[in-house]
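Colleague: What follows is a single structure, and I will ask about it in a moment.
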Amino acid sequence: MTSTRDLEGRTALVCGASAGIGRATAAALAARGAVVVGLARRADRLATLVAGIRAAGGDARALEADMDDPEGLAAAVQGLDATVLVHNTGGPPGGRLLDDPPSKLASAFQRHVLSAQVLVQALLPTMTASGYGRIVCVTSTSLREPIPGLGTSNTIRAAMGGWAKTLSGELPPGVTINTVMPGFTDTDRLTSLMEARAAREGTTPDAVRAAFIAQVPEGRLADPEETAGVIAFLCSPEAAYVRGQAIAVDGGRLRST
Ligand SMILES: NC(=O)c1ccc[n+]([C@@H]2O[C@H](COP(=O)([O-])OP(=O)(O)OC[C@H]3O[C@@H](n4cnc5c(N)ncnc54)[C@H](OP(=O)(O)O)[C@@H]3O)[C@@H](O)[C@H]2O)c1
């Protein structure tokens with residue numbers, strides 16, 4: 001983890017901060033000096049996150065909100081002076097796209113794209129006024145290469161990619177947007193996907209894990225802290241000229257460039 005405190009004096013809203021990549025990102029941004037506002041539904045998990053950041057000498061507070069509820073989300077962030085936004089939330093359940101009911105796609109669109117739209121519209125005036133804005137959306141490598149068995153997820157990641165790239169052309173100078181595409185990352189989300197896949201295929205989660213790792217040139221899963229490090233860089237002043245990019249943190253698994 002970097003020792004640079006280049007986000008001192010800035011407030012960072014980190015969504016999905018109670019677990020996995022979001023939790024690691026909250027810690028990484030706090031270590032860079034940001035005041036972190038950690039958003040999620042589970043208050044107990046957020047309280048643990050905030051206590052951990054404060055114990056490490058950082059500053060954080062919890063914001064309990066549900067990204068499935070656009071009006072509630074807008075109300076929760078009203079007046080927040082954040083100039084860094086990490087958009088991250090729970091991925092849709094797995095399954096073949098042909099088997100997915102339209103309501104599953106609609107729910108995923110609401111959780112991912114609508115919440116991102118609500119948050120950017122709420123925070124943009126502060127970012128514009130301060131001349132500094134960093135928006136990073138956590139998506140998936142399936143934005144670029146769809147993953148079999150994750151139909152709704154593949155669809156919604158591509159939608160997020162188009163949304164972010166479009167905004168990249170509309171946001172003012174100084175306010176950047178990028179997406180980070182995690183590969184197989186050792187979190188609760190990956191554990192539940194491995195269990196579901198093992199049940200579907202009549203095998204064990206360990207066998208699924210081994211099959212996942214076999215696709216990765218680095219030969220292992222990512223630690224969430226590794227993904228968080230890339231996100232934190234994109235939030236930093238150093239990344240001012242990185243804009244409109246989708247960056248994979250996948251140990252080399254993607255086959256396309
Ligand atoms: N792990 C991987 O291998 C991997 C690979 C590719 C892409 N991704 C994607 O990267 C993102 C983060 O993954 P992860 O592995 O860190 O997931 P995770 O461990 O399941 O954590 C998800 C986080 O999102 C929050 N969240 C879920 N639904 C929410 C809602 N409706 N409102 C507010 N917060 C909500 C959860 O908090 P609460 O439950 O407390 O609300 C939790 O903090 C997901 O979109 C995931 O699909 C992950």
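Colleague: So how tilted is helix 115-130 from the main axis of the chain? Cα-based, degrees 0 to 90, rounded to 10.
Modeller: 30 degrees
Colleague: Is segment 124-174 rounded, prolate or oblate when judged by the Cα gyration tensor, a ≥ b ≥ c being the square roots of its eigenvalues, rounded requiring a/c under 1.5 and prolate requiring a/b larger than b/c? Mind dumping the intermediate values first?
Modeller: Details: a/c = 3.86, a/b = 3.14, b/c = 1.23.
Prolate.
Colleague: So, one more: Per 0.36 nm of contour for each residue apart, how much would the distance between E64 and E195 grow if the chain were fully extended, relative to their Cα-Cα spacing?
Modeller: On the way: separation 131, 0.36 × 131 = 47.16 nm, distance 2.82 nm.
Net length gain for the segment: 44.3 nm.
Colleague: I'd like the orientation of helix 205-214 relative to the chain: the angle between its Cα long axis and the longest Cα principal axis, in ° from 0 to 90, rounded to 10.
Modeller: It is inclined by approximately 70 degrees.
Colleague: Starting with the highest mean, order 114-126, 7-19, 71-83 by the number of other Cβ atoms within 10 Å, averaged over the residues of each peptide. Show your work: numbers first, answer last.
Modeller: Working: 114-126: 18.5, 7-19: 23.2, 71-83: 15.4.
Put in order of decreasing packing, that is 7-19, 114-126, 71-83.
Colleague: Just to confirm, what accessible area per residue do you get for the chain at 1.4 Å probe, in whole Å²? Mind showing how you got there, number by number?
Modeller: On the way: 11540 Å² over 257 residues.
Each residue of the chain exposes 45 Å² on average to a 1.4 Å probe.
Colleague: Sticking with this one: Counting only protein heavy atoms, what percent of the accessible surface of the chain is carbon or sulfur at a 1.4 Å probe? Don't skip to the answer; put the middle values down first.
Modeller: Working: 6280 of 11540 Å².
Ligands and nucleic acids excluded, carbon and sulfur give 54 percent.
Colleague: Another one. Explain nothing, just the number: dipole magnitude of the chain about its Cα centre with +1 on each Lys and Arg Cβ and -1 on each Asp and Glu Cβ, in debye rounded to the nearest 20. Don't jump to the answer; show the numbers that get you there.
Modeller: Working: 24 positive and 25 negative charges, 53 e Å.
In total the dipole reaches around 260 debye.
Colleague: Please compute the modelled spin-label separation between A74 and I147, points set 7 Å along Cα→Cβ, answer in nm with one decimal.
Modeller: So the label points at I147 and A74 sit 3.2 nm apart.
Colleague: Taking amide H positions as placed in the peptide plane 1.01 Å from N, state which residues far from V36 in sequence (5 or more) or on other chains have amide H under 5 Å from it.
Modeller: HN-HN under 5 Å from V36: A12, D59, A60, R61.
Colleague: Let me ask something else. Looking only at A214, A51, A31, which one moves most when the chain is put into a Gaussian network model with springs between Cα atoms under 10 Å?
Modeller: Residue with maximal mean-square fluctuation among A214, A51, A31: A214.
The values are calculated or read from the model by the stated rules, or taken from the named source; none is laboratory data. Here the structure is a predicted model, which is why all the values come from computation and not from measurement. Cβ atoms come from the backbone with ideal geometry, glycine included; neighbour counts cover every protein chain shown. Accessible surface is based on the protein model in full, side chains and every heavy atom, while ligands, DNA and RNA are left aside. Shrake-Rupley method; radii C 1.70, N 1.55, O 1.52, S 1.80 Å.
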